[in-house]
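The values are calculated or read from the model by the stated rules, or taken from the named source; none is laboratory data. None of the values given here were measured: they were computed from a predicted structure. Cβ placement follows ideal geometry from the backbone for every residue including glycine, while neighbour counts extend to all protein chains displayed.
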Amino acid sequence: MKTRIAAAAICAALGFASQARSAEPALPKDGWVSWQVDAVENAPAWCCWAGWASQSVDPQTCKLDDGNHGYGSRDGAKTDSMRVYVRTTGGKIERVRILAAECPVEAKSPIQNLENVTTDDSARWLIKLNKDQPSRSRQDVGEHAIDALAMHRGDIAFNELKSQALNDPDAGIRKKAIFWMGHVRGAPGAEVVSNAMFNDKDPDVRKHGAFAMTLSKLPRATTDIIKQGNTDADDDVRAQAWFWLSQTKVPEAENAIMAALRKDPSDHVREQAVFALSQLPDERSTKALATVAEDRSLSTEQRKKALFWLGQSDKPSAQAYLDKVLTGTR
């Protein structure tokens with residue numbers, strides 16, 4: 001008898017613990033609520049600003065009831081904690097926002113602060129909210145639920161984003177999850193992005209993967225983007241890979257892009273490879289384009305494209321090179 005009672009007590013305790021771990025935030029029927037969560041490592045300190053051209057270093061107060069105002073971070077500012085803001089009307093969730101915990105906010109009605117909402121409970125709630133949305137990649141609530149989830153520290157948020165990035169039937173959702181994996185989830189996130197770059201069935205998603213990989217700022221970005229540029233079956237994906245490689249500014253970019261210019265079977269890819277050389281930083285673009293313009297083993301069209309992009313450049317070195325070409329003094 002005592003054994004059965006003890007077993008029942010243990011089961012009841014485990015059930016209570018499970019409920020406690022998966023408790024949902026208690027939302028009111030109407031109004032704003034907010035709770036704080038642990039942010040993923042190196043999370044951007046999102047807030048609102050007077051404008052990107054403004055010299056002000058202090059954030060503005062975010063007006064939560066306004067339309068989709070812009071928000072972001074400045075000067076690489078990071079935060080350890082974020083606040084989730086949710087507005088309900090008649091029991092329906094109308095808006096979700098996530099901002100740095102230190103970001104000043106205001107709303108037309110009082111913001112109720114919810115205590116004891118764990119980061120994992122918040123992540124579980126956002127996962128459910130996102131899955132409940134119709135056309136999730138095109139709905140304000142669904143989109144911001146993914147943004148908010150991406151900022152949550154821990155395996156629950158990471159594993160859901162990974163599942164979305166690799167398995168969601170909606171290409172828009174996959175692209176959004178891939179973006180956040182590359183942007184804020186470190187080396188494990190970059191591994192997921194790499195998987196999508198080479199295995200997603202949709203060429204647009206694979207192209208997006210190359211962009212997301214540049215955001216990771218990891219050494220593997222160079223290797224993966226070069227591999228994609230050399231091996232993807234889709235011309236557009238290969239062409240776009242060389243553009244994103246130029247944006248990384250790595251020293252290997254010139255040789256990899258020049259090799260594609262000489263060997264890729266697609267006219268489109270070769271043309272875009274010349275454009276990618278024009279996007280290299282500083283004087284590197286002028287030197288690379290001049291090399292193409294002077295290489296008689298390349299086609300006349302490729303050499304003309306190199307001269308065209310030199311003409312579009314505002315770099316003094318590019319203008320000096322063209323002056324020499326025009327005067328026959330080079």
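Points to keep in mind about this one:
- Among the residues making up region 85-106, those that are within 12 Å of Asp65 (Cα to Cα) and among the charged types (D, E, K, R) are Arg87, Glu94, Arg95, Arg97, Glu106.
- Within region 199-223, considering residues that are in a helix (DSSP H, G or I) and touching a Leu at 6+ places or on another chain (Cβ under 9 Å), the one farthest from Glu252 (Cα to Cα): Asn199
- Any hit, region 152-170, residues being modelled with pLDDT under 95, surrounded by fewer than 23 Cβ atoms within 10 Å (Cβ to Cβ) and assigned to a helix (DSSP H, G or I): no
- Sole residue being exposed (fewer than 13 other Cβ atoms within 10 Å of the Cβ), polar (S, T, N, Q) and either touching a helix residue (DSSP H, G or I) at 6+ places or on another chain (Cβ under 8 Å) or without any contact (Cβ under 8 Å) to a residue 24 or more places away in the chain (or both), chosen from Thr291, Thr286, Thr248, Thr300: Thr300
- Filtered residues of region 227-245 (kept if surrounded by fewer than 22 Cβ atoms within 10 Å (Cβ to Cβ), among the charged types (D, E, K, R) and either assigned by TED's automatic domain parsing to the domain that holds Thr291 or over 20 Å from Lys217 (Cα atoms) (or both)): Asp232, Asp234, Asp235, Asp236
- Among the numbered conditions (1) in the same structural domain as Asp38 (by TED's automatic domain parsing); (2) at pLDDT below 95, the only one that Ser81 does not meet is (2).
Table: residues versus (1) assigned by TED's automatic domain parsing to the domain that holds Val325; (2) among the hydrophobic types (A, V, I, L, M, F, W, C); (3) more than 27 Å from Asn167 (Cβ to Cβ).
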position: Asp204; (1), (2), (3): no, no, no
position: Ala256; (1), (2), (3): yes, yes, yes
position: Arg262; (1), (2), (3): yes, no, yes
position: Gln279; (1), (2), (3): yes, no, yes
position: Thr291; (1), (2), (3): yes, no, yes
position: Leu298; (1), (2), (3): yes, yes, yes
position: Lys304; (1), (2), (3): yes, no, yes
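- In region 117-141, residue nearest to Phe158 (Cα to Cα) [restricted to those that are in a loop (DSSP other than H, G, I, E, B) and either touching a Leu at 6+ places or on another chain (Cβ under 8 Å) or modelled with pLDDT of 90 or more (or both)]: Thr118
- Restricting Pro59, Pro104 to residues that are over 17 Å from Leu27 (Cα atoms), surrounded by 16 or more Cβ atoms within 10 Å (Cβ to Cβ) and more than 19 Å from the chain's Cα centre (by Cα) narrows the list to Pro59.
- Scanning region 308-329 for residues that are surrounded by fewer than 19 Cβ atoms within 10 Å (Cβ to Cβ) and either under 37 Å from the mean Cα position of the chain (by Cα) or not assigned by TED's automatic domain parsing to the domain that holds Met258 (or both) yields a total of 9.
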